[in-house]
1. Carbon and sulfur atoms: what percent of the 1.4 Å accessible area of the chain do they account for?
2. Which ³J(HN,Hα) values in Hz, rounded to whole numbers, follow from the phi angles of segment 606-615 under the Karplus curve 6.51 cos²θ - 1.76 cosθ + 1.60, where θ = phi - 60° and Gly and Pro get x?
3. Rounded to the nearest 0.05, what FRET efficiency is calculated for Ala364 and Arg201 with R0 set to 56 Å and r the Cβ-Cβ distance?
4. If DNA, RNA and ligands are ignored and the probe is 1.4 Å, what is the ranking of Tyr165, Tyr120, Tyr210 by accessible area, most exposed first?
5. Per DSSP H run of at least 4 residues, take -39500 (n - 2.57); add these up for the chain, divide by its residues and hand me the 222 nm value, nearest 500 deg cm²/dmol.
6. So what's the angle, to the nearest 10 degrees on a 0 to 90 scale, between helix 9-20 and the longest Cα principal axis of the chain?
7. So for the chain: antiparallel DSSP bridges make up what percent, rounded to the nearest 5?
8. Can you give me the accessible area per residue for segment 449-516, using a 1.4 Å probe, in Å²?
Amino acid sequence: MSRHPPLALAAARVSLWRVLGRRGAPAGAPRDELSARTFVHRVIRPDGQIRTVECHARVELDEAGEPVRMTGTCQDVTAFRLAEERFRSLLETAPDAMVIVDEAGRIVLVNSQTERLFGYARVELIGEHVELLVPQRFASAHPDHRTSFAEDPHARPMGGDLDLYARRRDGTEFPVEISLSPLETEEGTLISSAIRDVTERKLARDALTYQARHDPLTGLPNRGLFLDRLEHGIARAKRSHSTLAVLFLDIDDFKLVNDTLGHEAGDRLLVEMTPRLQAALRPGDTVARFGGDEFVVLCEDLTSEPDATRIAERIAFACSRPVTLGPHQHFVTISAGVVVVDNGSSTATDLLRDADAAMYRAKAMGKGRVELFDTSMRERLIERIALESDLRLAIDRHEFRLHYQPVISLDGGQIIGMEALLRWEHPERGLLHPAQFMPVAESTGLIVPIGEWAIEEACRQAAGWRDARGPAGPHLTVSVNLSPRQVARSELASSVTRILSLTGLEASLLDLEITERVLHDDGEASAKVLHELKGLGVRLVLDDFGTGYSSLSYLKRFTIDALKIDRSFVNGLGRDAENGAIVNAVLGMARALDVGVTAEGVETRDQLARLRASGCAFAQGYLFSEPIPSDDVPELVEAALAGLLES
C-alpha cells in the first residue's frame, strides 16, 4: 500500500506505548500478535478540531519480549469513519460492488462484493487511489472524470456509450457498468460508484453483433459489414490520395450444383471456396459474401489497375482446383468484375454497381473471366436496369405480342403449323425481338410469367384457327418455345393442363420446343417435367439441334417427337460440304428413330432444293414467310392452299 500523510508520530508513539503499558508480551502470546497492530484514536488538533486517526505500526521487541521501538504510519480517517458509520449497512445489502472515494480519488469505503469482484481484501483498498482498480491504459484519463463529476455532481452512468473495463488484483481485465452518485458528508462530497461485472452480457452482445455482421454459413463479413468497411476505405483513399479496388465475384453455374446435387452440396461448395478466397488475398484485404454465390473483395493501397487484376486472377486460380461433392469432383470457375478508383472519387454504391457490371460482362463473354470496368459497361448496366423495369410493367400493360412463322410441308407446300414468336411492343422503342429483352427476362425470372402468357395466347389463337377451319381440318399445330427456367419449374405440366382446359385446344395440336441446354443443365429434373408434359399428349420438339450438347441418348431418354436442324447448318448448304454432310446425317438418324425433322432458316431456292433432295419433310424460313401478326395468318394459309407459297 502507498504511504499516507502522517500525523504527529510522537502522539502515535505515546498511544502505542500506553496500549502496550511498557509491559512485555503476555505469556504464551504469539510474537506476531504484538509486532503488528492497527489502532484508532481520537485526537485534538491545535485549532480545537477533533479528528479520528488510524495508525498502522509495527513494534519491535527485545529478546525478553519488551517493546524497544516502533515504526508505522498514521492517517486522518475522520471522513472514512463517518462514511463507514453512515453507509456500511446500506453498502453491504447492495447487489453490486460499491466503492466510495473522496474528492482526491482515495478509496474511503468498499463492501464485501467489491472484495469478491476485484480479489482485494478490504484493508488493501482503503486509502488507495481508485486508479488501482482501473486498467493502465485508462488510468491517466480517470482523474478527469472525477473532476468532471465534482463540477456537476449528479447521479449518472459513467462512460456513456464507451466500453468500460476494470482491473482485478491479478491484473486481469473485465467489462463493467458503473453508476456514479454523490454522497454529501460533513467532510465534503464523496463519490459512490456502483460497479457491475457485465462480462456475460458483453459476450452475448458481441455474439449478436457478430451474427448481425457476418454470414452464418461462411463466417465472412456480410453485406452490411462490407459496406461499412468500403465507406471507411473510400474515406482513407481520399485522405491519402491512394487507389482502391472492388472485385465482384460469382461462381459460374452454381445453380447447376444446387439443382443437380442439392442445396447442401451448394453450401459445401461455398464453404470450400471461403479459405481459398482468403488465401489468395493480401493481408488487410476484405472478402465478404454478398448473397447466394456472390462474393465481393475490397483491396486498398494499390499502385495500379494491373494490381487489382492480378489479385482477381489469383483468386480465380485458387478456386479452380476441383472440389469433391459427394461421389464426384466438381471443377469451379469464377467470373470476376473489377473496378479501380483513385483518391476515393466514387461512392460505395457506384463502386459496387460498376464492379457488378464488369462481372456481368465477364459472364456474357463466356464465364471464367476477369473483366475490368469501363464506362461503356455502366451505360449498358443503366440500360439493363431500365429495360428490367419496363419489362415488369410490360406484363401488366399487355405489351407483348405473338407473331407466327409457318412450318411448310415440302411435299406440296402446305402449311402444317405455326411457330409462335414473342415480340414486345415497347411504348418508346417500338417492336422488340426476343434477343433484345430475353436475356434480362431469363436472368430475372420474368420469363416465367411471360412464357406462361405466350403458351396461353398461342393456344387460344390455335383454337380459333381450328374453329375457323371447321371439323374437316386439317388443323394447324402451334409451337411455343420453352426457356430453361420454365422447364425447371415443377408446376409447368399443371400450368399447361390449365391452359389447354381454358382454351379448349387439343393437346395434340400443341408443340413445345426446348433446347439441348435444358436437357444438359438438369437432366433428372427436366426428365420428370418433360415426361409429365408427354403424359398430357403434347409434342416435344428439340430446337437448334446440333449446336449444343448433342447426344443421341437425349432423343430416346426424353421421348422427343421432332427436332429442328439449326439455321447455321442450313445456311451452309451448297457452300460447305461439311454442312451438307451434317444435314444428311441428321436426316438419316431421324428416319431410323422415327423422329420428325424441320429445317430452320430456309432463305434460298437452292437450300430448298437440297433439302428436298435429302428427304427433309418440313421447313420454315423467310423463303416462305417472315413472322407475321396473328391477324395475317388466315390470308397466308389461304395462299398456301392456293399454291401461292414457294414450293
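The values are calculated or read from the model by the stated rules, or taken from the named source; none is laboratory data. Computed from a predicted structure; not experimentally measured. Every residue, glycine among them, receives a Cβ derived from its backbone with ideal geometry; neighbour counts consider all protein chains shown. With ligands, DNA and RNA removed, areas are computed over all heavy atoms of the protein, side chains included. Shrake-Rupley method; radii C 1.70, N 1.55, O 1.52, S 1.80 Å.
1. On the way: 17020 of 32560 Å².
Roughly 52 percent of what the probe reaches on the chain is carbon or sulfur.
2. Here the 3J(HN,Hα) series is 5, 4, 4, 4, 5, 5, 4, 5, 7, x Hz.
3. Values: r = 51 Å, r/R0 = 0.91.
With R0 = 56 Å, the Cβ-Cβ based efficiency is 0.65.
4. Details: Tyr165 65, Tyr120 30, Tyr210 120 Å².
I get Tyr210, Tyr165, Tyr120, largest accessible area first.
5. Numbers: 25 runs with 284 residues, N = 647.
That comes out to -13500 deg cm²/dmol.
6. Compared with the principal axis, the helix lies near 80 degrees.
7. Details: 84 of 109 bridges.
Bridges in the chain that DSSP calls antiparallel: roughly 75 percent.
8. Working: 2640 Å² over 68 residues.
Normalised by residue count, the accessible surface of segment 449-516 is 39 Å².
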